[in-house]
Amino acid sequence: MLPERTRFSTFREDFARLNLALDVIDHSGGRPRIDVTYLPLGTVGACRIITTPVEFIRCKHHLKDCRDQFALNIVEAGPVQFANGGPEHVYDAGSACLVDRGRPLRVVGPRGASVKFVTVQAAALKSLVAQPEDLSGRPVRPGPALRLLDCYLRSLASFKRPLSSELASTVGAHLLDLVAATLGPTAEAANIVTERGVKAAKLQAILAEVAQRFSDPNFDLNNVAGALGMSRRYVQKLLEATGKSFTEHLAGCRLERAFAMLTDPHHLHLAIIDIAFAVGFGDLSHFNHSFRRRFGETPSGVRAASILRQKCSYEPSQCAGDGR
């Protein structure tokens, strides 16, 4: 919406200084690009930043405008340098650090640097983690909780529409719990964190694993349990909350993908049996039966109807003449 010559200065003045309470210094040689994606989740926020070479600085004069928040940062592409009221540390992809937004901050990233982070209210985090300010500015230990947080953040990309206030609040609570689990909750909060956010993230990880690997005909419950370090029974127990078994989730992914391929003109060269095998089915008759039960139509019927719709979109007069 803005002329190119004013974009960076506007971003720095109207967004970075007012919203993030920091300054931005361009190190790209005059061709900066900063992509920011932000998802508000009640009192929690999820953000992702991808930049050309840049430096973010929060000095003492910014602190009067700072919110009482912490941010857990996960580096996607680095190396990225962080200094938060103490020594500077260099973080490579996959590493993380906690930032206290009430302290001076310096972040330096190269071209293509990518960082995602979760912002949480200080009071909310302190109710779950003892003295989180003592952890700020230092590397966060890697572990299962950090991997779950990373996976849960990736799953948020699947939301194509704005979240309802109720869902946003639920997702925000899950993220707060995952941040607390990553940093180390107090003994009093450990059970709350585990039963709420951590359990939800584990379920999301299971569903993501199924969605990613369903086309493998040998993929089964043991593969999910092994990949995520869970027992078969625990995976089944978590899936019970969805009202569907592992087998039903697996079949659902395969059938939805088959439907998409049957209605995609780019896959017209594939026989139906080829599509069945491509999505993970090993038996054509089982595929046909499952497909008809789910969609109320045979695979060949769905393909024929799709071809007709495409034909009518290109030749509406001919379809009208056919009485269709």
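Starting from the Cα coordinates of the range 206-324, work out the convex hull volume and express it per residue in Å³. All intermediate terms of the calculation are to be shown ahead of the outcome.
Values: hull volume 14.3 nm³, N = 119.
Per-residue hull volume (Cα only) is 120 Å³.
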Potential lengthening between TYR38 and THR242 on full extension [0.36 nm per residue; Cα-Cα distance subtracted]: 70.6 nm
Percentage of interatomic Cα-Cα distances in the range 1-41 larger than 14 Å: 53
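How big is the convex hull of the Cα atoms of the range 75-162, per residue, in Å³?
About 123 Å³ per residue, rounded to a whole number.
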Filter the cross-link list LYS199/LYS244; LYS60/LYS116; LYS202/LYS237; LYS126/LYS237 down to pairs whose alpha-carbon distance in this structure exceeds 20 Å. LYS60/LYS116; LYS126/LYS237
If I model a spin label at PHE159 and HIS27 as a point 7 Å from the Cα along the Cα→Cβ vector, what separation in nanometres do I get? 3.3
At q = 0.07, 0.09, 0.10, 0.13 Å⁻¹, the log10 of I(q)/I(0) for the chain from a Debye sum over equal Cα scatterers comes to -0.41, -0.64, -0.75, -1.01
Cα long-axis angle, helix 246-262 against the chain (0 to 90 degrees, to the nearest 10): 70
Distance (nanometres) between label positions extended 7 Å along Cα→Cβ at ARG17 and THR194: 4.9
log10 of Debye I(q)/I(0), alpha-carbon scatterers only, for the range 103-248 at 0.09 Å⁻¹: -0.34
Hey, got a sec? Which GluC sites (Glu not before Pro) in the range 1-88 land in a DSSP loop and have at most 14 other Cβ atoms within 10 Å? GLU88
Test of the criteria: in the range 6-84, which trypsin sites (Lys or Arg not before Pro) are in a DSSP loop and have at most 15 other Cβ atoms within 10 angstrom of their Cβ? ARG33, ARG67
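Can you figure out the FRET efficiency of ALA77 with ALA187, using R₀ = 30 Å and their beta-carbon distance, to the nearest 0.05? Could you put the intermediate results ahead of the total?
Values: r = 37 Å, r/R0 = 1.22.
Approximately 0.25, to the nearest 0.05.
Of all the accessible heavy-atom surface of the range 1-83, with the other protein chains kept in place and a 1.4 Å probe, what percent is carbon and sulfur? Could the numbers behind the result be given before it?
Working: 2530 of 4730 Å².
Here carbon and sulfur together make up 54 percent of the probe-accessible area.
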With a 1.4 Å probe and all protein chains left in place, how much accessible area per residue does the chain have, in Å²? 54
Using all C-alpha to C-alpha distances in the range 1-84, build P(r) with 5 Å bins and read off the rounded percent in each one. 3, 11, 22, 27, 22, 12, 4, 0
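The values are calculated or read from the model by the stated rules, or taken from the named source; none is laboratory data. Remember, predicted model here, so these are calculated numbers, not experimental data. Glycine also receives a Cβ, built like all others from the backbone with ideal geometry; neighbour counts cover every protein chain displayed. Surface accessibility is based on the protein's heavy atoms, side chains included, excluding ligands, DNA and RNA. Shrake-Rupley method; radii C 1.70, N 1.55, O 1.52, S 1.80 Å.
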